[in-house]
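Visitor: Supplied in structure tokens, the structure appears directly below.
The values are calculated or read from the model by the stated rules, or taken from the named source; none is laboratory data. Worth saying up front: this structure is predicted, and the values here are computed from it rather than measured. Reconstructed Cβ throughout: ideal geometry from the backbone, glycine too, with neighbour counts over all protein chains shown.
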Amino acid sequence: MDRQTYDGAVYRGPSVRTLLRLAVLVLALHIPPLWGSGGAFAQSIDQIAKSDPLIITGAIGTQNTFYHSSTGYDGRAQLSNTLYVNLDISFYGINMPFSFYLSNGTTSWSYPYFSLSMSPSWHDWTLHLGERSMSFSNYVYNSPFYGVGVEYGGHNIRFGAFYGRLKRAISDDPTDPAARSPQYSRYGWGFKIGYGTGKNYLDLFIFKAKDRIGSIDDYWQNTIVPQENLAIGVKGRVSFLKHFSLTANAATSIFTYDTRAEGVPDSIIGKWGKLFDSKYTSNARFAGDAALNYSMRNFNLSLQYKYVQPGYATLGTGYVSNNYRSFGLGTNLSLLKGRVTLNGNFNHQQDNLSGEQLYTTKGLVYNAAVNWRLNNALSLNAAYNGYQQRQTDGTAKVNDSTKVDRLMHSLTSSANYSIQGDQLMHAIGVSYNFSKNLDRNKINKGASDVTTHAVGTNYTLNVEPWEMAFSVAYNHQNSKNASGTFTTNMFSFGTGRAFLENKDLRIDASLSYAINDAQGTKTNTFGGFLSSSYAIKDVHQFSLSAGYNHYTQKFTSASESATTKNWDLSISFNYSYTFTLLEIKKKSKK
């Protein structure tokens, strides 16, 4: 290739062979106009100046798999073949990926569409254009918008505002059997202002959004309702007495579930009618949380309270869990210069705040964990998690036969030990997990109880002179419920090594043996897997793999016994060729 300077950039011109490759790719892909549907992309303007002017890369490859089973295929193809072509155009950091797939006789392709997205900054000001997002209260707004926005942050003052489209209209042909679910176009604006530092601050948020009725076909307007929302939130923090702080986050949302409903007269709602077009389908709801925190160098304690009214919703977020209140306590302690950490949390939650549900559900969640790093070689970890769920009366009295009353425990623990030498590296891990799920319903007590024990051990040996690693593992699990006991024992072994001067050839192998015993049915499974990969100049990649599994199942009962044996085999061959068609790079500064 020729090399020359072009407008301050280093240009590597393509050869005739390269141009022919590009022509073949374009013909193969049948690339349509870039403003069609496909994967979206965005690029910030401040990154464009730092990026190379133009880089075009691509890949061509094939994936092929043969599968055979002695029991049949259950819809799985015995031979699967895929041919793919990928092309990626990078223009000043804007990536435009194209892809074409031919798999078992079916074709698919994708291409990008343009989406303006930039956030240039000047001093403490930032301008948002296109598809962007801004940080608001989680009770008010947390989704992206497509429009314009501005933010300022300096001298402990924060300010921001935006206007744009929140959702694009979806209005397919009603007679199309594959028509998508309809959706109104939704536009909204937001405003925020705040003052303070990380220790003491106060922020105010306002958000309003509304669906546009005429954005979809009249047919679809009979299936979904247009909505409107005004949400106002406040968030702040106050620090006092050196180690204490109080944080709060609260919001009120006025939500209209159908803007076509009859309006509420101003004589009823008063001055609020100037801010929001209230309907008889509108309601106002509250959500908020607060926490009292105590912090020292090695110790933290936090008391938290959260309250979300029934039906709280906002068009600025996804689904918000509502109709519950919770009280929590969390603590963290660090000892021995950080080698030991202790964590604990307790949380009580209750729903049916309005008292209109049939039943009230109460839950307790509590957990504790300890991590102890004795030295650079040995570490110990343990954690306990508990959960209780109970039903009490609501508008109806709880029936003992259907009452929910559950208790769950789980305990996890592990120990890891490693030794690093000049020639060998040893790593040993041991773990134990226990879980118990209890049904305390008086009528069904014990019917759905499950108790599980699991033990795992593993050992890894790295042999530096051979540049090779070996691993051995054993796992045991025992579960017991009302129907019986189920046990699994599994042994596995694996190794791998890279060969040749540049490590272009790699071979990996593994063996496994599992024994499953489930109430009179014992299944033994033996499996082996072998894979190899080879690279030529980092552009040609070959891989070949094969897996074999043999199953022996023995059923035994008081009256009969039977044994069956089955097997399956899979072989895969993959190849890919990666290439660079064109490079125009920024000229490096001396």
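Visitor: Hey, any hits in segment 455-468 for a residue that's more than 25 Å from residue 492 (Cα to Cα), out of contact with any Leu (no Cβ under 7 Å at 6 or more places or on another chain) and modelled with pLDDT under 90?
Guide: No, segment 455-468 has no match at all.
Visitor: Next question. Which members of segment 524-581 meet the condition of being of a type in the set (Phe, Trp, Tyr) and under 21 Å from residue 59 (Cα atoms)? Break it down into steps so the answer makes sense when it comes.
Guide: Taking segment 524-581 first, the residues of a type in the set (Phe, Trp, Tyr) are 526, 529, 534, 542, 548, 551, 555, 567, 573, 575, 577, 579.
Hits for segment 524-581 are 534, 542, 573, 575, 577, 579.
Visitor: Right, next: Checking the condition farther than 26 Å from residue 490 by Cβ, surrounded by fewer than 15 Cβ atoms within 10 Å (Cβ to Cβ) and of a type in the set (Gly, Ala, Ser), which residue from 533, 559, 576, 543 passes?
Guide: 559
To keep it simple, each residue is scored yes or no on (1) buried (at least 16 other Cβ atoms within 10 Å of the Cβ); (2) under 26 Å from residue 362 (Cβ atoms); (3) touching a Leu at 6+ places or on another chain (Cβ under 8 Å).
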| position | (1), (2), (3) |
| --- | --- |
| 281 | yes, no, no |
| 288 | yes, yes, no |
| 291 | yes, yes, yes |
| 305 | no, yes, no |
| 314 | yes, no, no |
| 319 | no, yes, no |
| 328 | yes, yes, yes |
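Visitor: Go through 469, 498 for me and flag whichever is within 34 Å of the chain's Cα centre (by Cα), farther than 24 Å from residue 416 by Cβ and either part of a strand (DSSP E or B) or not basic (Lys, Arg) (or both).
Guide: That would be 498, the only listed residue that is within 34 Å of the chain's Cα centre (by Cα), farther than 24 Å from residue 416 by Cβ and either part of a strand (DSSP E or B) or not basic (Lys, Arg) (or both).
Visitor: Same structure, new question: I'm trying to understand the selection: among the residues of segment 233-247, which are of a type outside the set (Gly, Ala, Ser) and surrounded by 18 or more Cβ atoms within 10 Å (Cβ to Cβ)? Working first, answer last.
Guide: Here is the first cut: in segment 233-247, the ones of a type outside the set (Gly, Ala, Ser) are 234-235, 237-238, 240-244, 246-247.
Of everything in segment 233-247, those that are of a type outside the set (Gly, Ala, Ser) and surrounded by 18 or more Cβ atoms within 10 Å (Cβ to Cβ) turn out to be 234, 235, 237.
Visitor: Kindly establish whether residue 450 is of a type in the set (A, V, I, L, M) and closer than 30 Å to residue 359 by Cβ.
Guide: The answer is yes for residue 450.
Visitor: Another question, if that's okay. Would you please name the residue that is surrounded by the most Cβ atoms within 10 Å (Cβ to Cβ), looking only at residues in segment 341-371 that are at pLDDT below 95 and of a type in the set (A, V, I, L, M, F, W, C)?
Guide: 353
Visitor: Now for a separate question. Kindly indicate whether any position in segment 222-244 is without any contact (Cβ under 8 Å) to a residue 60 or more places away in the chain, outside any strand (DSSP E or B) and among the small types (Gly, Ala, Ser).
Guide: The answer is no; no qualifying residue exists.
Visitor: In addition: Name the single residue that is surrounded by the fewest Cβ atoms within 10 Å (Cβ to Cβ) among those in segment 377-421 being of a type in the set (Asp, Glu) and assigned to a strand (DSSP E or B).
Guide: Within segment 377-421, the subset of a type in the set (Asp, Glu) is 393, 400, 405.
Those left that are additionally assigned to a strand (DSSP E or B): 393, 405.
Working: 393: 12, 405: 18.
Among them, the one singled out is 393.
Visitor: Another question about this same structure. Determine whether residue 116 is within 29 Å of residue 584 (Cβ to Cβ) and modelled with pLDDT under 85.
Guide: It is true that residue 116 is within 29 Å of residue 584 (Cβ to Cβ) and modelled with pLDDT under 85.
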